[in-house]
1. So how many residues does segment 695-706 have that are closer than 14 Å to Pro463 by Cα and buried (at least 24 other Cβ atoms within 10 Å of the Cβ)?
2. Taking segment 495-511, which residues are among the small types (Gly, Ala, Ser) and surrounded by 15 or more Cβ atoms within 10 Å (Cβ to Cβ)?
3. Would it be correct to say that Val718 is over 18 Å from Asn278 (Cβ atoms), surrounded by 18 or more Cβ atoms within 10 Å (Cβ to Cβ) and among the hydrophobic types (A, V, I, L, M, F, W, C)?
4. So for segment 637-645 (the condition being hydrophobic (A, V, I, L, M, F, W, C) and either closer than 24 Å to Arg560 by Cα or surrounded by fewer than 21 Cβ atoms within 10 Å (Cβ to Cβ) (or both)), does at least one residue qualify?
5. Check Leu147, Leu153, Leu105, Leu115 and return the single one that is aliphatic (A, V, I, L, M) and under 23 Å from the mean Cα position of the chain (by Cα).
6. Give segment 245-276 a look and list any residue that's surrounded by fewer than 20 Cβ atoms within 10 Å (Cβ to Cβ) and small (Gly, Ala, Ser), or say none.
7. Surrounded by fewer than 19 Cβ atoms within 10 Å (Cβ to Cβ) and either touching a helix residue (DSSP H, G or I) at 6+ places or on another chain (Cβ under 8 Å) or without any contact (Cβ under 8 Å) to a residue 24 or more places away in the chain (or both) - does that describe any residue in segment 317-331?
8. Would you mind stating whether Ile668 is in a strand (DSSP E or B), at pLDDT 95 or above and not aromatic (Phe, Trp, Tyr)?
Amino acid sequence: MKTRTPDQVLDEIARDQLGQDINLSSGILAKMRKVDQKNMKKKFVLSGSVAVVLVLVILLSIPSVAMAVKRLFGYVPGTGLVEQNVPVRVLKEPVEFKTGDTTILVSQAVTDSNLTRLTYQIDNIPESSSPNLKWEDVCHALPNLVLSDGTVLQPKTINGNSWASGLSRLLEYDALPAEENSIKMTFACIEAGPVTDVLSNIELQLEFIPAPAEMTVYEVVELQTPTPDASQTELPATAASAISLVLNKYVQTDENLILLGALQTDATGFRLSYIDSNYVHLIDKDGNEIPLEEDYSLTDPEATSSAAQSLPLTYRTAGRYLPGEASLVIDSVWVQQIADDRFTFDAGSNPQPGQTWQVNQTLTANGRTFMINEVMLDQTGTGLSIYYEAPEGTANLMLVDLEHELLGGGGGDDNTGFTYKEAFPGGLITVTLTGYDELMAGPWQTGVTLPEFADGLVPTPIPDACLTAATWQAALNAGTLEIPQGLSDTLIMAYPTAPDYYYHVLSARLDGSDPIDLGQGNGGSLSPDGNKMVYSTDGGLAFRDMQTGAVTLIPETSKRDSAPIWSPDGTKIAFTRGPASGAMGAAGPYTLMWMSADGSDVTELLADGEANYAQAWMPDSRHLVYTVKTADGSLVNQINVEDGQVSNLTSTNYQNSSVALSPDGKRIAYEAMMPGEHYAVYVSDLDGSNARLVANADPLVVTNPFWSPDGKWLAVTVHDIVLDNTLPNVALVNPETCQVIPVTSLHGYINSWQ
C-alpha cells in the first residue's frame, strides 16, 4: 500500500467533501487554532500542539540588508497587497444580511488584475437541536462569487478565526473581469451551523466601484536577499542546515512595520509544516525584543521561491519600535515527517456509541516511539478518538483508516481521530500512522534595517512585571513554597475535567485540602456566611446547600444566565444574562441582572448592552462593578442598584477583561493586552491611577485575577502548556513585594474566596 503524507490525506478528504482546493493540512489547522486562542475568554483550555519553550537569541554582527523601492504593489489596511499600476476596485459599501438572530456582514472587498479579496463575518450562528450532530448535518461550505454570465468563482485561500457562535473569514478568489461591477455572493448554507432550509441558498449583492483617490495605500519595500550569515553556513550538514530564512518585503504603516518572508528548503526528507509564533523574534540594535503579531490577512501575490518548499512568514510589529539594524530570528520550526506503521484492534460485531477499547500498542517512525493507549467511539457512532503518548518535540499524529472512506480528522496534543463517512464498520480495524509533526531546532536568522517613522516618535519602554515567564519558572524551580498564613480559607473554583473538559465546580482550601467536586457547572459564589453557594448550570442558576448538598434551580433563570456574585451583606445576587445560545462570548445582547438572596425579585439593571458583564460588588452592597465592551477595550463602570445611577471608574484595552475588586473597595485588578496580543494583569487605584504591571508572562497566558480575603495577594490563573497541557494553574502574586508563589495543589479559576 502506498504511503500518503498527512497533507495528502487531509487534502483528499477536503477535495472530496468540499469540492474545492482547500488546504486542511495540520499546519493550517494549527494556525487556525492559534488565531482562535487570541479570542479566548478568561476561561479556556489550551489545546496547542506541543509544549512551548521560549528561547531568546540575541545575535551580533548581523549584516544589514540592502533595500530597493518597488512601487508595483501597495498595502491597503485590512485588505492586503494590491497592484498600483492597474485599476483597483473596492466594495461600494458594506453589505449586511439578517435572518432571525443570525447576521452576515461583508465589510470589505477589493479586486485588482490578480485577485479578489473579501472579508465577512457571521454572528449568532444557530445551534442544532440534535444532541448527536453528525458531519453531514453541519454546514462546511464556503461562499462562492457568481458573475453575471453564471460563472462561479470559488475561494482559493482561507484565513480567519472563530468564537462562540461566530466566525470571520478573509477569502481570496480569482480577479473579477474589468466590466464586472455587480456580482452575487452565494451561501449554500451558513458555515458551522446546522443544515436547514432557513439558512440555505442565501444571496448577497455586492457592488464594486473604482478605488477612491483618498484610499490609504502604503508603500511596499522590496528587500534584496542577504548574504547568509557565517554562523548559518558553518552549521553541520543536518536537516536544519538545509533550511534558510529570507525576508522579501516590508511595509511601514503609520504605527507599525509588516515583514514578509519565508523559511525555505530544497530538502525532500521532510515537509515544512508551520511556525509557532513563540519561536519568532525580532531583536533590535540594543538587544531588546520587539513584540510581533502574526498577520494572517496579508498574502504576497509575488511570493515565489526557487526552493522546493517555502513556508511564508507574515508578521507585524505590535506598534512602534526603535529604528536601526535588527535581526529576525526563528528558533524552531515544525516539520512533517513521513511515517508508515499501524496498529489493529477488534471492535467486535456490535460496537456501541461511547465504547472504549484499550489498545496499549506502540508505533515507531524515524527512531521515535508512540504509545497508543485507547480508542473511543463517539456518541454518533461514526467518529473515533485515539489517545496517545508522544515523545517530547513531536505532535499531531496523523492516524487514518486507509481501508474505509473518511469524512475528516484532526486532534490535539494527546489525541487525534477521524470520522467515517458511513457508520463505524466494526470488526478488525487497522489504523495507519502516515506522519507526524516534529519540532526542528534552528536558529535561522537574517538582518533588516528598521526604518524611522515619519514623525520621529519611538515607543516608551514597557515596565517590568512581577509575574513573568522567568519569575514563574524560577518559582517552580524553587520547589514547594509555603502558602502565606491566614489564606487557608474556602475557595470556589471552576475547573475543566477530562475527558470532555466540561467545567465542574470545586470547593477546596488553598493548600488543596478538603476538596469537594460539586458537579458540572461554573461561576460559583459563596454566601457571606458560607452556608450556600450560587452557580450556573445548563438549566439555569442554582443554589447548593453547602451542608446537605441539596441543589435547587432558581426560577426565572436559564442557561443564558451566568457569573452570579453574592453581595457582601448577603442580601443580593448579581449576574449576567447573555444571548439565547447561552454561550458566553457570543454576540449580544447582554443584560446586567440582580435578584434577592432567595432567588426572588429577578430584576434588570442594564438591558441589551453589547457586553455588560457583572464583575464585583462594592463593600457597601449598593454599587455593582461591571464592564462594557467597546471598540477599543472595556469600560469599567459601577452602577447603583437602588437608583440605577452609572459612573465610570476606568478602562482597559481588552474587550473581555476580567476585573477584580479588592476587599476594601479601593483597588482593582484587571486583564489587559500588551503589544503582540499578550495577556497581562494590572493593579491600580479604583480610578485607574497608580497602575502597576503585575503579570506579563508571554508565552504563558495569565488571566482571571482574584484578590485574597486580606487584600495582600492576587491569585491569577496561569496557562503553562509546558507544565500542563490541559489544566490551568494557580499562582499567588504580591503586588507590593512582587513575590510569586505557584499553588501546585489547585487547578482552575477562582470564583469565590471566603
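The values are calculated or read from the model by the stated rules, or taken from the named source; none is laboratory data. These numbers come from a predicted model, not from an experiment. Reconstructed Cβ throughout: ideal geometry from the backbone, glycine too, with neighbour counts over all protein chains shown.
1. The qualifying residues number 2.
2. Scanning segment 495-511 gives Ser507, Ala508.
3. Details: over 18 Å from Asn278 (Cβ atoms): no; surrounded by 18 or more Cβ atoms within 10 Å (Cβ to Cβ): yes; among the hydrophobic types (A, V, I, L, M, F, W, C): yes.
So Val718 does not fit the description; no.
4. yes
5. On the way: Leu147 fails: under 23 Å from the mean Cα position of the chain (by Cα); Leu153 fails: under 23 Å from the mean Cα position of the chain (by Cα); Leu115 fails: under 23 Å from the mean Cα position of the chain (by Cα).
Selected residue: Leu105, the only one of Leu147, Leu153, Leu105, Leu115 that is aliphatic (A, V, I, L, M) and under 23 Å from the mean Cα position of the chain (by Cα).
6. Ala267, Gly269 - these are the residues of segment 245-276 that are surrounded by fewer than 20 Cβ atoms within 10 Å (Cβ to Cβ) and small (Gly, Ala, Ser).
7. Among the residues of segment 317-331, not one is surrounded by fewer than 19 Cβ atoms within 10 Å (Cβ to Cβ) and either touching a helix residue (DSSP H, G or I) at 6+ places or on another chain (Cβ under 8 Å) or without any contact (Cβ under 8 Å) to a residue 24 or more places away in the chain (or both), which makes the answer no.
8. yes
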